[in-house]
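Below is one structure; the comments refer to it alone.
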Amino acid sequence: MIRICLVGEIASGKTFISKHFGYPVFNADQEVIKVYKNNRNCFKKLNKKFPNNITEFPILKTELRKILDKKNIKIISKIVHPYVRHSLNKFLKKYYKKKFVVLDIPLIIENNLIKKKDILIYVKNSKRIILNRLKERGNYNKKKINVLKS
């Protein structure tokens, strides 16, 4: 199996591109949403770390947004990423006979999920389009947008 890995900035269009290959797609962002919605163990761990903010199951993104900073992102990632990796492994086992699969995983390189024979495709878009997409999502961070503008 050949793994096609899409990389690029937030809101650059990785998910849009992934749908056009015609191969099975693993979308890590969608898996995180499933973890927040369905995984009580993840909720218990997050609730233990952030008892004043993560109070209900399923986990609400609005609760998470309130506590996002560099320190807390690392804590949240350490809790959530193992569940996403487990889903990735299940996906790869399910499609091991396919010639190609597409991996839409933000920070795939930073999380050391790249294999030697993977094909990396960098998805790039204009800063204006990225900014518009982030604004449309309604949950953008103004500090991130200021960084993108520079």
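Determine the pairs where a residue that is free of Cβ contacts under 8 Å to residues at least 24 places away in the same chain, located within the stretch 106-134, has a partner that is open to solvent by 40 Å² or more (accessible area, probe 1.4 Å) and of a type in the set (Asp, Glu) with Cβ atoms under 9 Å apart, the partner being 6 or more residues away or on another chain.
LYS127/GLU9
Is it the case that some residue within the stretch 65-87 is among the hydroxyl-bearing types (Ser, Thr, Tyr), touching a residue at least 12 places away in the same chain (Cβ under 8 Å) and in contact with a helix residue (DSSP H, G or I) (Cβ under 8 Å, 6 or more places away or on another chain)?
Scanning the stretch 65-87 turns up at least one residue that is among the hydroxyl-bearing types (Ser, Thr, Tyr), touching a residue at least 12 places away in the same chain (Cβ under 8 Å) and in contact with a helix residue (DSSP H, G or I) (Cβ under 8 Å, 6 or more places away or on another chain).
Exactly one condition in (1) at pLDDT 95 or above; (2) open to solvent by less than 60 Å² (accessible area, probe 1.4 Å); (3) within 15 Å of the chain's Cα centre (by Cα) is false for HIS86; which is it?
(2)
If you take the residues in the stretch 101-123 that are assigned to a loop (DSSP other than H, G, I, E, B) and touching a helix residue (DSSP H, G or I) at 6+ places or on another chain (Cβ under 9 Å), which one is surrounded by the fewest Cβ atoms within 10 Å (Cβ to Cβ)?
LEU107
Can you tell me which residue is nearest to the chain's Cα centre (by Cα) among those in the stretch 13-46 that are within 18 Å of LYS99 (Cβ to Cβ) and aromatic (Phe, Trp, Tyr)?
PHE26
Hey, does the stretch 60-83 have a residue that's touching a Lys or Arg at 6+ places or on another chain (Cβ under 8 Å), farther than 28 Å from GLU136 by Cα and either at pLDDT 95 or above or among the hydrophobic types (A, V, I, L, M, F, W, C) (or both)?
Yes.
The values are calculated or read from the model by the stated rules, or taken from the named source; none is laboratory data. This one's a predicted model, so the numbers in the text were calculated from it and none came from an experiment. Note: ideal-geometry Cβ built from the backbone for every residue, glycine included; neighbour counts use all protein chains shown. All accessible areas refer to the heavy atoms of the entire protein, side chains included, with ligands and DNA or RNA removed. Shrake-Rupley method; radii C 1.70, N 1.55, O 1.52, S 1.80 Å.
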